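Undergrad: Questions regarding the structure given below will be posed in turn.
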Amino acid sequence: MTSRGRVSFALLLSLLGAALVVPYQLESNRFVAMRDSIEAVLRRANLAERSPEAVELIERGTVTIGSETHGGSVVAGFAPQVFSEEGLILNPRELATFIAAPSLPEWAPESLVGSRSTPAVLLLVAVAVGAAAGWTGLGVASLVTSILTAVVAILAWRQGVVVWVIASVGAGATLLLFLLATRVALWCLCGANAVCSIAQGVVREAIRLRVAAFFMGATLVLIPLIVVWISPDQPLRYQVQTFLARSTGLLYALVATMTLFMGCATVASDLRDRQAWQTLTKPVSRLQYLLGKWLGLVVLSTTIMAVGSASIGGFLASIRTRPAKDLPDAAAVTEEVLVGRAGVLPEMVPLSREQLVEAIDLAIEGDPILKDDIESGARKELDVRRTLAQEKQHAHMASLRTLAPGQAREYLFRGLREARDSGRVISLRYEFHAGAEDSHERHPVLLRFPKNGSWTDRSFVAGQVYVFAIPPELIEDDGTLKVELANVAFDGENFTEPRWSINFDGDGVEVLYPVLGFWENYLRALAVDLSKIAFLAMLSVAGASILSFPIACLLAFSIFAIGSLSPFLAISIDYYTVARDAPLVVQWLQWGVKGIASASNWMLGGFGAVDATETLVRGRAIPAGALMRAVLGIGVAWTAVALLLGFLAFRRKEVAIYSGHG
């Protein structure tokens, strides 16, 4: 294509991108003006003074501005809960957004039009992408893709299926980004050195063999289908969590599979068809060859991950436009899911050495049989005392997490000064066990905060997670928070003792507070996944350089599976016991199985130590330490070890032997 043609397509696609964004800018201006007007009315509402705005909100759940009325019965259902003790609305901006959100069309998510600057940024991006697509020679492909996407979207719109409109537009935009991203990836690898040349060859090979297109196509089809399959009838927070879990997990699995398969295939085919011999006869070392193959895989995988992540972000914005069940549900999306929170567990003081020794001595003295076994030499005293120490310490810690009927216990949380200073919502997360764990039975519990003496009686279903919002003012100046849990029931007048004791696991009670924004946390999760993929790329390249294609695939996929399942493997090892009464051969076999599993978990446990998808879905922040361990440990150290082992074996491999092909 001539330069004039490139410029023409760049201008055409830029104008087309701008035309698509202009409606969002207009809708943003309208929505922001409406929300600000509603917020101004809500700030005047005072329930203590029975102002007209407060009375209308309580009785009808509406806000009147001029001749227009906003809100309705849904707002009236929870309106009393939004007022503070002083009679003012706790969060007028959040409530105003919730009231105004139903006026938005489904094609304009609040996350895009809720700020006037967001559509402006989107406009610049659309113009830049259109110009880049036209200038890089993708003008015809981009125009055809845009026309086909528009046709499908219009047909879906006329049928009234808005979710398919969103899915088709998202898929078309993702395809355009992928086409442009591959051109950018090839441009980044145009350096005049052997490593970049080999890396560029890997990317071109993946495009020529349709490998990248296949996996990108799977992403284009499956991620929009996830949006379609999620039922809008469930609470909005669960819809968002479901989409995040399935889409990010699917994208990582597809890219990891492509990396392993392509890494094994590109090196094995080079060796089989003697392409490696032709390459290595040039001034290219074997180390450069391995590094070039690895770099090409990393660039290709990063490209697909980046495009897929952009697609996930767009579809996530569309899901957030779905109506929430109520204001707490809408708030949970922002405060519990689309956020990066840190957690603080209650301080549990273990038995001191003196207390432990005393408890062990009493246990031995109180058990004549055990005492005789020690004196006769049937059992070693050191082993007995070690076992008893573990049992006593475990029993003591369990007792601290148990509340008998009528019992109250105070728990101390430290390190919350940052949470107090932020002024944002702090949550007490709890999951209790009681009785027979019947899902149809509710149990009482009382939460009390000693700082101001406030308390609230709650009920829970055993085994289910609950969240209670805590005002930052309850945190002391030194960053400590005291929470008292009482296993009592309150019927409105009297306190009574329930039937069952309450207990919780080590992480069953936790204080959570936001430390990262969602997108910052998402980028950390993406960095963790890319670090793992960088190691998988080197693993597949190094394996295929010394093994045949099937064996290299078997090795690479096995290591990937063991590393990914290492958290579950660690739990299984803890519960795995060798049958002492079994025949000796069976015992040896069981010890061998446990040894292999333990060795595998020891070597590859770090691979699955940070599950970026699960952490993201739970609204937990990926700590900087965990991020550095993933990047430096897996992405750098493990990759370097795989490169070293592969190079040491590959340098001795004869690559000029005729394979019988070609």
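Undergrad: Can you find, among Gln587, Ala525, Val144, the residue farthest towards the positive end of the dipole of the chain? Put +1 on the C-beta of Lys and Arg, -1 on that of Asp and Glu.
TA: Ranked along the dipole, the leading option is Val144.
Undergrad: Still on this structure: For segment 353-400, just the Cα atoms, rotate onto the principal axes and tell me the three extents in Å, largest first.
TA: Ordered largest first, segment 353-400 gives principal extents of 36, 17, 17 Å.
Undergrad: log₁₀ I(q)/I(0) of segment 8-138 at q = 0.14 Å⁻¹, via Debye over equal Cα point scatterers, no solvent, to two decimals?
TA: Normalising to I(0) and taking log10 leaves -0.67.
Undergrad: Also, I was wondering about something else. Given a Förster radius of 56 Å and the C-beta distance between Gln464 and Ser548 as r, what FRET efficiency does 1/(1 + (r/R0)^6) yield to the nearest 0.05?
TA: Working: r = 51 Å, r/R0 = 0.92.
So the FRET efficiency works out to roughly 0.65.
Undergrad: Moving on to the next point. Based on alpha-carbon atoms only, what is the radius of gyration of segment 403-506 relative to the globular estimate 2.2 N^0.38 Å?
TA: On the way: Rg = 14.4 Å, N = 104, 2.2 N^0.38 = 12.8 Å.
For segment 403-506, the normalised Cα radius of gyration is 1.12.
Undergrad: Note down the relative contact order for segment 403-506 as a percent, whole number, built from C-alpha pairs under 8 angstrom at least six residues apart. All intermediate terms of the calculation are to be shown ahead of the outcome.
TA: Working: 219 pairs, mean separation 45.1, N = 104.
The value is 43 percent.
Undergrad: OK, next. Average projected area of the Cα convex hull of the chain, in nm²?
TA: Numbers: hull surface 164.8 nm².
Orientation-averaged projected area of the Cα hull: 41.2 nm².
Undergrad: Of Val641, Leu95, Leu287, which is farthest on the positive side of the dipole of the chain, counting Cα position, with +1 on Lys and Arg Cβ, -1 on Asp and Glu Cβ, and the Cα centre as origin?
TA: Leu287
Undergrad: Based on Cβ point charges of +1 for Lys and Arg and -1 for Asp and Glu, what charge dipole magnitude is obtained for segment 522-650 about its Cα centre, in debye rounded to the nearest 20?
TA: Values: 7 positive and 5 negative charges, 38 e Å.
Here segment 522-650 has a charge dipole of around 180 debye.
Undergrad: So who's got an amide H within less than 5 Å of the one on Leu403, skipping anything under 5 residues away but keeping other chains? H placed 1.01 Å off N, in plane.
TA: Here the answer is Ile502, Asn503, since their amide H atoms fall under 5 Å of that of Leu403.
Undergrad: As an exercise, use a Förster radius of 41 Å and the Cβ-Cβ distance of Ile147 and Phe78 to find the FRET efficiency, rounded to the nearest 0.05. Walk me through the intermediate numbers first.
TA: Details: r = 46 Å, r/R0 = 1.13.
Given R0 = 41 Å and the Cβ-Cβ separation, E is 0.35.
Undergrad: For segment 536-642, what mean projected area does the convex hull of the alpha carbons give, in nm²?
TA: Values: hull surface 35.6 nm².
Convex hull of Cα atoms, orientation-averaged projection: 8.9 nm².
Undergrad: Which order do the peptides 514-526, 278-290 take when ranked by the mean count of other beta-carbon atoms within 10 Å per residue, highest first? Mind showing how you got there, number by number?
TA: Values: 514-526: 18.8, 278-290: 15.5.
Ranked from most to least packed, the peptides come out as 514-526, 278-290.
Undergrad: Can you give the convex hull volume per residue for the Cα atoms of segment 272-385, as a whole number of Å³?
TA: Details: hull volume 45.9 nm³, N = 114.
Roughly 402 Å³ of hull volume per residue.
Undergrad: When N is the residue count of segment 164-229, what does its C-alpha Rg come to as a fraction of 2.2 N^0.38 Å?
TA: Numbers: Rg = 14.7 Å, N = 66, 2.2 N^0.38 = 10.8 Å.
Normalised Rg, Cα atoms only: 1.36.
Undergrad: Continuing with the same structure: Taking only C-alpha pairs under 8 Å that are 6+ residues apart, what is the relative contact order of segment 513-662 in percent? Write down the numbers at each step before the final one.
TA: Working: 116 pairs, mean separation 65.1, N = 150.
Relative contact order here is 43 percent.
Undergrad: Beta carbons within 10 angstrom, averaged per residue: use that to sort the peptides 171-182, 227-238, highest first. Kindly include the intermediate steps, with their values, before the conclusion.
TA: Details: 171-182: 21.1, 227-238: 14.7.
Output ranking for 171-182, 227-238: 171-182, 227-238.
Undergrad: With a cut-off of at most 11 other beta carbons within 10 Å, and DSSP calling the residue loop, which GluC sites (Glu not before Pro) in segment 18-50 qualify? Please list them.
TA: Glu49
Undergrad: Calculate, axis by axis, the spread of Cα positions in segment 222-323 along the three principal axes, and write the results as whole Å, longest axis first.
TA: Here the Cα extents, ordered largest to smallest, are 64, 20, 15 Å.
Undergrad: Separate question: Using a ≥ b ≥ c from the Cα gyration tensor of segment 474-628 (square roots of the eigenvalues), is it rounded, prolate or oblate, where a/c under 1.5 gives rounded and otherwise the larger of a/b and b/c decides, a/b for prolate?
TA: Numbers: a/c = 3.75, a/b = 1.47, b/c = 2.56.
Verdict is oblate for segment 474-628.
Undergrad: Checking understanding here: applying a Kyte-Doolittle mean of at least -0.5 and a length along the axis of at least 20 Å (C-alpha), which whole DSSP H helices in the chain pass? The partial results should precede the final answer.
TA: Numbers: long enough: 3-44 (61 Å, 0.48); 117-135 (27 Å, 1.80); 139-158 (28 Å, 1.78); 162-188 (38 Å, 1.97); 194-208 (21 Å, 0.82); 211-229 (27 Å, 2.45); 236-272 (53 Å, 0.75); 286-319 (49 Å, 1.24); 381-400 (28 Å, -0.77); 518-546 (43 Å, 1.06); 549-564 (22 Å, 2.11); 584-604 (30 Å, 0.69).
Helix filter hits for the chain: 3-44, 117-135, 139-158, 162-188, 194-208, 211-229, 236-272, 286-319, 518-546, 549-564, 584-604.
Undergrad: Moving on to the next point. Output the Cα-based Rg and Dmax of segment 484-573 in Å, rounding Rg to one decimal and Dmax to a whole number.
TA: For segment 484-573, the Cα radius of gyration and maximum Cα-Cα distance read 24.4, 77 Å.
Undergrad: Run the dipole for the chain about the Cα centre, Lys and Arg Cβ at +1, Asp and Glu Cβ at -1, nothing else charged, and hand back the magnitude in debye, nearest 20.
TA: Details: 56 positive and 59 negative charges, 794 e Å.
Roughly 3820 debye, rounded to the nearest 20.
Undergrad: Another question about this same structure. So for the chain, averaging the separation of alpha carbon pairs under 8 Å that are six or more residues apart and normalising by length, what relative contact order in percent results?
TA: Details: 953 pairs, mean separation 93.8, N = 662.
That works out to 14 percent.
Undergrad: Next question. Going through the cross-link list Lys532/Lys594; Lys371/Lys482; Lys380/Lys482; Lys482/Lys594, which pairs have a Cα-Cα distance over 32 Å in this structure?
TA: On the way: Lys532/Lys594 26 Å; Lys371/Lys482 43 Å; Lys380/Lys482 44 Å; Lys482/Lys594 43 Å.
Long pairs (Cα-Cα over 32 Å): Lys371/Lys482; Lys380/Lys482; Lys482/Lys594.
Undergrad: Hey, got a sec? Which trypsin sites (Lys or Arg not before Pro) in segment 44-126 land in a DSSP loop and have at most 15 other Cβ atoms within 10 Å?
TA: Arg50, Arg116
Undergrad: About the Cα centre of segment 404-540, what is the dipole size in debye to 20, counting +1 per Lys and Arg Cβ and -1 per Asp and Glu Cβ, all else neutral?
TA: Working: 14 positive and 21 negative charges, 65 e Å.
In total the dipole reaches around 320 debye.
Undergrad: Counting C-alpha atoms alone, how compact is segment 108-226: give Rg to one decimal and Dmax as a whole number, in angstrom.
TA: Cα radius of gyration and Dmax of segment 108-226 are 16.9, 55 Å respectively.
Undergrad: Lysines near Lys282 by alpha-carbon distance under 20 Å, same-chain residues fewer than 8 away left out - which ones?
TA: Excluding near neighbours in sequence, the set is Lys293, Lys653.
Undergrad: Assuming R0 = 60 Å, can you tell me the calculated FRET efficiency for the pair Leu645 and Arg50, based on Cβ-Cβ distance, to the nearest 0.05?
TA: Calculated value: 0.20.
Undergrad: Using the charge dipole of the chain (Lys, Arg: +1 at Cβ; Asp, Glu: -1 at Cβ; taken about the Cα centre), state which of Thr302, Tyr576, Ala253 has its Cα farthest towards the positive end.
TA: Farthest towards the positive end: Thr302.
Undergrad: Then there's this: Could you order peptides 345-356, 387-398, 610-621 by the average number of other Cβ atoms within 10 Å of their residues, highest first?
TA: On the way: 345-356: 12.8, 387-398: 14.3, 610-621: 20.8.
Per-residue mean Cβ counts within 10 Å order the peptides as 610-621, 387-398, 345-356.
Rule-based calculations on the coordinates, nothing more; no lab input. Owing to the predicted nature of the structure, the values given are computational and were not obtained by experimental measurement. We place every Cβ from the backbone using ideal geometry, glycine too, and count neighbours over all the protein chains shown.
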